[in-house]
Amino acid sequence: MALFSTSLGSSAPHNRPRIVRLVAVALPFTGLFAAGYVWHDSASGTASLLATPTTQSSAPARPFLMMRDGVWVTSAPSTVTPPVFSVAEAKVRDNEEVIGVTVGTEHRAYLVSAMSHRPASHVVNDLIGDQPLTMTYCDIARCARAFSGRQPGKPLDIGVAGLDLEGQRLVLKVGDLMYLQESGSPVGQDSKAAAFPYPPHDTVETTWGDWRQRHPNTTLYVGSLSDDRRSSNYACKS
């Protein structure tokens, strides 16, 4: 079994985990590669493997990745209609980075730190009121894009496909098709497919303090409250 790794860079702020290596494992006699992210938690100084090869005896604890059409493909599911909190309920530092959106008369912000760790965190298929809106964020490229749908009450079905070959850009999936998150361009054998099926929606990248002052009735997405990265800085008042 051969093992190699390559650096993905370290431009992320020191106060949140950084993905630092893409690790690939050659599977003997198969011609396939298994891969995984290794992220470094600057606060604790620990590193963890995000994806590990499957075995017959045990399922992987974390998403499994393989190469497909020049994309490191992951099986990670997206987040769908998660809990959100009001300004009064949220206990978040004013200097935390957020991505804000407005849908009709409603406003919502998404913590950048909540969308910057495990693969599943990079896509949130949400409903704002009854309007579908999907927020996506690539913490390597620091690219935020939102997409809207037309069918009230039904979240969009956008997933995390993985990373491009260079490990620098998030790839999304809709059905069996893959698209670059930053451009909406089809990827790999899907390059002749139709353009990304959902229109983009305007976003605002700012701080929580600025957003809540401008929109006091906003709601806030803070990520999974069961995630081991949640601390008192991201807790919500009971």
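The values are calculated or read from the model by the stated rules, or taken from the named source; none is laboratory data. What you are looking at is a predicted structure, and each value in this text was computed from that prediction instead of being measured. Positions of Cβ are backbone-derived with ideal geometry, glycine not excepted, and every protein chain shown enters the neighbour counts.
When you look at Asp157, is it out of contact with any strand residue (DSSP E or B) (no Cβ under 6 Å at 6 or more places or on another chain), on the phi < 0 side of the Ramachandran plot and modelled with pLDDT under 90, yes or no?
No.
So, Ala109, is that one aliphatic (A, V, I, L, M) and either outside the structural domain of Pro83 (by TED's automatic domain parsing) or outside any strand (DSSP E or B) (or both) or not?
Here the answer is no, as Ala109 does not meet what is asked.
Please go through segment 202-229 and pick out each residue that is modelled with pLDDT of 95 or more and closer than 18 Å to Cys138 by Cα.
Within segment 202-229, Asp202, Thr203, Val204, Glu205, Thr206, Thr207, Tyr221, Val222 qualify.
Go through (1) surrounded by fewer than 23 Cβ atoms within 10 Å (Cβ to Cβ); (2) assigned to a strand (DSSP E or B) for Gln151 and report which single condition fails.
Going through (1) surrounded by fewer than 23 Cβ atoms within 10 Å (Cβ to Cβ); (2) assigned to a strand (DSSP E or B) one by one, Gln151 breaks only (2).
Give segment 169-188 a look and list any residue that's touching a strand residue (DSSP E or B) at 6+ places or on another chain (Cβ under 7 Å), surrounded by fewer than 21 Cβ atoms within 10 Å (Cβ to Cβ) and part of a loop (DSSP other than H, G, I, E, B), or say none.
Residues satisfying the conditions are Arg169, Glu182, Ser185.
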